[in-house]
Amino acid sequence: MSGILAVVAWLGLVGLLAWWASRHPQVPNEWVRKIVHIGTGNVILIAWAFQIPAAIGIAAAVLFSGVALLSFWLPILPGIQNVGRHSLGTFFYALSIGLLIAGFWHWAPRYAALGILVMTYGDGLAALVGQQWGRHRFHLQGIGQKSWEGSLTMMAVSFLVAVTLLGLAQTPGAIAISLAVAIAAPLLELWSWYGIDNLSVPLGCAVLAAGVGHLFS
């Protein structure tokens, strides 16, 4: 029960911060979205610390996936969805959390946390850096424009997240796993139609980390 209360308290704090930011016109909608994107992802650390059962995490992910999918057509989450593009990113975000908990929670929760936090911090900060300071852009056929600044941010942040998390979990081969994740994350993030990178990045990085980690076990 204490773990659930901690999750609710944290989400309430994130919600209040996002609400406060949305009330100030000078704060771009994208920043409001990233407050929710980055803040919500940290729930996985609380769930891990309190060993919240997988069934609760999966149920919550299913609930939020449904709300996010409905908001694709109805203005339920205008502050999150309205960022100048029609995207299923919020739905894929919630879905990826549910899938990672279902796949890893019972035997290697560190990989579920890794996938979610790479998406949370890597993808979240890469988007902000790319939009604010992305001066060197490249174009991929059928994908659109990306910036080197954003992609390099994704790589660096993904490595730092992975090596910190795996180091704290005393995972053998943490540096090698983190390097693999750092290389894969920006490549997976390139394909972002309708926000699908919120699914491909966390799942791809978690599966890759688990596969490389198996070589050191």
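Selection over the stretch 182-194 of residues that are open to solvent by 10 Å² or more (accessible area, probe 1.4 Å), small (Gly, Ala, Ser) and under 14 Å from the mean Cα position of the chain (by Cα) gives a count of 1.
Within the stretch 2-17, residues that are within 10 Å of ILE46 (Cβ to Cβ) reach partners that are exposed (fewer than 12 other Cβ atoms within 10 Å of the Cβ) with beta carbons closer than 9 Å, at six or more positions or on different chains, in the pairs GLY3/ALA49; GLY3/GLN51; ALA6/ALA49. Please work out if ALA174 is buried (at least 16 other Cβ atoms within 10 Å of the Cβ) and of a type in the set (Gly, Ala, Ser). Answer is yes for this residue. Flag not set for ALA210, criterion: at pLDDT 90 or above, within 19 Å of THR120 (Cβ to Cβ) and open to solvent by less than 10 Å² (accessible area, probe 1.4 Å).
For the stretch 195-207, the candidate set comprises residues that are open to solvent by 30 Å² or more (accessible area, probe 1.4 Å) and modelled with pLDDT of 95 or more; within that set, the residue that is farthest from PHE91 (Cα to Cα) is VAL207. Considering only the stretch 162-169, I want to know if a residue exists there that is modelled with pLDDT under 90 and either more than 17 Å from VAL43 (Cβ to Cβ) or of a type in the set (A, V, I, L, M, F, W, C) (or both). The answer is no, given that none of the residues of the stretch 162-169 is modelled with pLDDT under 90 and either more than 17 Å from VAL43 (Cβ to Cβ) or of a type in the set (A, V, I, L, M, F, W, C) (or both). Of all residues in the stretch 50-74, those satisfying the criterion of being open to solvent by 70 Å² or more (accessible area, probe 1.4 Å) and of a type in the set (A, V, I, L, M, F, W, C) are PHE50, ALA55, ILE56, VAL62, LEU63, PHE64, LEU70, TRP73, LEU74. In the stretch 167-181, of all residues being in contact (Cβ under 8 Å) with a residue 24 or more places away in the chain and over 17 Å from the mean Cα position of the chain (by Cα), the one that is nearest to ALA113 (Cα to Cα) corresponds to ALA169. If you take the residues in the stretch 3-49 that are among the polar types (S, T, N, Q) and modelled with pLDDT of 85 or more, which one is surrounded by the fewest Cβ atoms within 10 Å (Cβ to Cβ)? Filtering the stretch 3-49 for residues that are among the polar types (S, T, N, Q) and modelled with pLDDT of 85 or more, the one surrounded by the fewest Cβ atoms within 10 Å (Cβ to Cβ) comes out as ASN42.
Out of the stretch 146-166, which residues are under 15 Å from ALA112 (Cα atoms) and open to solvent by 10 Å² or more (accessible area, probe 1.4 Å)?
Taking the stretch 146-166 first, the residues under 15 Å from ALA112 (Cα atoms) are 158, 161-166.
Passing the criteria: VAL161, VAL163, THR164, LEU165.
The values are calculated or read from the model by the stated rules, or taken from the named source; none is laboratory data. As the structure is a computational prediction, the values presented were derived from the model and not from experiment. Here Cβ is always computed from backbone atoms with ideal geometry, including for glycine, and neighbour counts include all displayed protein chains. Just so you know, the surface numbers come from the protein's heavy atoms only, side chains and all, with ligands and any DNA or RNA stripped out. Shrake-Rupley method; radii C 1.70, N 1.55, O 1.52, S 1.80 Å.
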